[in-house]
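I have placed the structure first, in the form of structure tokens, so that the comments after it can refer back to it.
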Amino acid sequence: MLLTQKFHSLREIDVEFIPAIEALMSQHWVDFSAWKEAEAKSPADETFCYWLFFGPTQNSPVGIAQVCFKKIDTEACLPWWKKITGFFDKSLSHWKLARWQLANGADGPAVFDPRFARSGREKLHDLIKEIEQREDIMAMTVLSMEGTPVHKPQWKEIHHQAQIQWSVLRPWVREHRAYQDYLSALPAEEAKKIQQSWKKLHRESGVTLGDFPTRESRRELLEQCPDLDEGLIAGFAGGLLTFQKDGKLLGFVHYRQGHKDALFVEPMPLEPQGQELVSDHLYVQYALLKSHESEVKNVIVVRQGSLFRLQDDTEAQFFRAQGFTIGLISEHDWSRSPFIQ
């Protein structure tokens, strides 16, 4: 049986636990400070609870779970007659939604060291049951990965329930020592397309590549691209992999080194649509090329700094062709009030 320790903010967590948490969350955040920053930017009507899980002989956490409490706007969801009759019912102002979602949701409500996954899920089930019994929790959302069990609230009445599914881009796992070996392992048609794109980029388009690993090194980029607005690149911590031509920045890949040999990358094309010299897949390929030149084991592609949620089948096919895998996330919603939909 695992033991738990509860925290109401990431700021409360003991410093000695942070290295283990960063290891557990290595495919979600660059580091613990990035996660704290995301919590600080959350809406004012949201509060959090976190649980760290410990084995009977472990002094560092082997799992972590998160629930977000969001105040329900009863003014928006209650009918007029209920607002009148409930004027003196102060409990209405305390209605909350409990959303069980760890970080960006890619692992559902919790993540565990694989050795403790089974006992962790059992303990998590008890925690969810404990929260659902609170009188102020009138609605609940639980995220789950494909193939994992889902906890359904045991309320006397469930007036509304729904489920939606969406796909996420899983971290790319490096399996070869060299970039050329990776290309050789792809379907022949895809490998040929990528190789031809690289050749066209260098031989026909005259586009050059750049790597600016630090903020300080970007002074050189600004010298190479004198018309570049410095503000365009100022807000990106970490490094930039660039595509340049004739003193102009055509686009870049923002990258940051994470924990456990993970590289977080985000493609940032800047060319007008329909006039691109740099094809979309080369932004991904440049990041994978970078990973093969270092000790990186996982490449995590993000969108606007967060989990890459796929918008359609075209995006899924685009990434699958380059060796990525797609995960399916289910979002389950329940409410015990007929007014909460």
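On the given criteria, is residue 144 touching a Leu at 6+ places or on another chain (Cβ under 6 Å) and surrounded by 14 or more Cβ atoms within 10 Å (Cβ to Cβ)?
no
Kindly establish whether residue 332 is part of a strand (DSSP E or B) and on the phi < 0 side of the Ramachandran plot.
Here the answer is yes, as residue 332 does meet what is asked.
When the residues of region 167-202 are filtered to those that are loosely packed, with under 15 Cβ neighbours inside 10 Å and of a type in the set (A, V, I, L, M, F, W, C), which remaining residue is nearest to residue 297 (Cα to Cα)?
In this case the residue turns out to be 173.
Looking for whichever is out of contact with any helix residue (DSSP H, G or I) (no Cβ under 6 Å at 6 or more places or on another chain), modelled with pLDDT under 95 and not polar (S, T, N, Q) here; the options are 211, 261. Which one fits?
Sole residue among the options that is out of contact with any helix residue (DSSP H, G or I) (no Cβ under 6 Å at 6 or more places or on another chain), modelled with pLDDT under 95 and not polar (S, T, N, Q): 261.
Do the conditions hold for residue 154, that is, is it exposed (fewer than 11 other Cβ atoms within 10 Å of the Cβ) and at pLDDT below 95?
Taking the combined requirement at face value, the residue satisfies it.
Could you list, in sequence order, the residues of region 104-144 that are part of a loop (DSSP other than H, G, I, E, B) and either closer than 18 Å to residue 61 by Cβ or within 21 Å of the chain's Cα centre (by Cα) (or both)?
The answer is 104, 105, 106, 107, 108, 109, 113.
Tell me which of these residue 297 doesn't satisfy, since it passes every other one: (1) touching a residue at least 40 places away in the same chain (Cβ under 8 Å); (2) basic (Lys, Arg); (3) surrounded by fewer than 15 Cβ atoms within 10 Å (Cβ to Cβ).
Among (1) touching a residue at least 40 places away in the same chain (Cβ under 8 Å); (2) basic (Lys, Arg); (3) surrounded by fewer than 15 Cβ atoms within 10 Å (Cβ to Cβ), the lone unmet condition for residue 297 is (3).
If a residue must be over 27 Å from residue 292 (Cβ atoms) and surrounded by 18 or more Cβ atoms within 10 Å (Cβ to Cβ), how many such residues does region 212-248 contain?
Counting residues in region 212-248 that are over 27 Å from residue 292 (Cβ atoms) and surrounded by 18 or more Cβ atoms within 10 Å (Cβ to Cβ) gives 1.
So residue 153 passes all but one of these: (1) within 25 Å of residue 296 (Cα to Cα); (2) in contact (Cβ under 8 Å) with a residue 60 or more places away in the chain; (3) under 28 Å from the mean Cα position of the chain (by Cα). Which condition number does it fail?
(1)
Among the residues in region 192-203, are any among the basic types (Lys, Arg) and not assigned by TED's automatic domain parsing to the domain that holds residue 283?
No: region 192-203 contains no residue that is among the basic types (Lys, Arg) and not assigned by TED's automatic domain parsing to the domain that holds residue 283.
Select from region 20-39 the residues that are polar (S, T, N, Q) and under 22 Å from residue 59 (Cα atoms) and write down the one among them that is nearest to the chain's Cα centre (by Cα).
Restricting to residues being polar (S, T, N, Q) and under 22 Å from residue 59 (Cα atoms), the top hit is 26.
With respect to residue 272, is the statement that it is over 23 Å from residue 175 (Cβ atoms) and in the same structural domain as residue 183 (by TED's automatic domain parsing) true?
The answer is yes for residue 272.
Here is a list: 17, 7, 48. Which entry is within 18 Å of residue 128 (Cα to Cα), in contact with a Ser or Thr (Cβ under 8 Å, 6 or more places away or on another chain) and at pLDDT 95 or above?
On inspection, the qualifying residue turns out to be 48.
Please go through region 193-239 and give me each residue that is of a type in the set (D, E, K, R) and either under 31 Å from the mean Cα position of the chain (by Cα) or part of a loop (DSSP other than H, G, I, E, B) (or both), ordered by number.
Listed by number, the residues that qualify are 193, 211, 215, 216, 218, 219, 227, 229, 230.
What number goes with the only condition from (1) touching a residue at least 12 places away in the same chain (Cβ under 8 Å); (2) at negative phi; (3) not hydrophobic (A, V, I, L, M, F, W, C) that residue 323 does not pass?
(2)
Scan region 249-260 for residues that are more than 17 Å from the chain's Cα centre (by Cα) and loosely packed, with under 15 Cβ neighbours inside 10 Å and jot them down.
Passing the criteria: none in range.
Check 202, 281 and return the single one that is at negative phi and at pLDDT below 90.
202
The values are calculated or read from the model by the stated rules, or taken from the named source; none is laboratory data. Here the structure is a predicted model, which is why all the values come from computation and not from measurement. Cβ atoms come from the backbone with ideal geometry, glycine included; neighbour counts cover every protein chain shown.
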